[in-house]
Amino acid sequence: MRLARAYPVDDRHIHDTAVIHPYVVVDMIPSASPSLARAGHAERLLSIGPRTEIMPFALLYRGAHIGSDCLIGNHATVREQATIGDRCIIGQYVCISYDAELADEVRVQNGTLIADGWKVGRGTFIGVNVSTMSDRRRDVVDYEFKGSCPSVIGERCLIGSGAVILPGITIGNDVVIGAGALVTKDIPDGATVLGQPSRVMGTEQQAQMIAQRAMAQALANYQNITRDTDQWDGSGARQRA
């Protein structure tokens, strides 16, 4: 899987052709609050590539990198050390957490969380309100951060809206995950998964689903044609369908 490459930036780390709208918070310093299980840190300055547009009220942390020709939506958050490749679209209220890596041409729709350390392959589409996580621990009392357990999403995947993906999972290339699916284990290349917990559809099931879609489309096309076709009733009078 090819991940986003570092983009050479000028001395100010924000390219002259980047568009930053009003009310954007730029180069936010991570909090050092003692209440946090993980202390925030940033090993580099924020960088934004050419022709990238940052919409109002976005929050961009120090140490994040955003490539060229991207669009970062209103109220989106890009955390420290996160990397976003070229030609990516990040929707409204999306959070790209720290150390996450998005390759080129990734699209993340509104309200989705990409958890810390996750890697998303080139050309992948992630729907609305998809939930991801990087921590399997359950001891919320006296919690101690012992490192992330991120997942990896391959290239050209389609993640349906409302899907939930658990930590430490590898999703192959060209995978389709249905809306609302709960992904609890690895998924091989080219698979289609549905349900809670999700299950891989067999070749026969996929063929049946494709055939059903084709029949539904053919019926819709027929109905559209007959809607504008003359019809005759029993008395011989012409009527419109």
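Here are the numbers:
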read-out: Residue within segment 24-35 that is out of contact with any strand residue (DSSP E or B) (no Cβ under 8 Å at 6 or more places or on another chain) and under 28 Å from I153 (Cα atoms) present; value: no
read-out: Residue selected from segment 63-94 under the condition surrounded by fewer than 20 Cβ atoms within 10 Å (Cβ to Cβ) and not acidic (D, E), by the criterion farthest from the chain's Cα centre (by Cα); value: S68
read-out: R122 modelled with pLDDT of 95 or more and in the same structural domain as Q81 (by TED's automatic domain parsing); value: yes
read-out: Filter result (charged (D, E, K, R) and closer than 16 Å to Y61 by Cα) within segment 14-37; value: D27
read-out: Options R136, R156: the member that is in contact (Cβ under 8 Å) with a residue 24 or more places away in the chain, under 26 Å from S31 (Cβ atoms) and surrounded by fewer than 21 Cβ atoms within 10 Å (Cβ to Cβ); value: R136
read-out: V128 being in the same structural domain as V25 (by TED's automatic domain parsing), in contact with a Cys (Cβ under 9 Å, 6 or more places away or on another chain) and modelled with pLDDT of 95 or more; value: no
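The values are calculated or read from the model by the stated rules, or taken from the named source; none is laboratory data. All values reported here derive from a predicted model rather than from experimental measurement. Please note: Cβ atoms are built from the backbone with ideal geometry, for glycine as well, and neighbour counts cover all protein chains shown.
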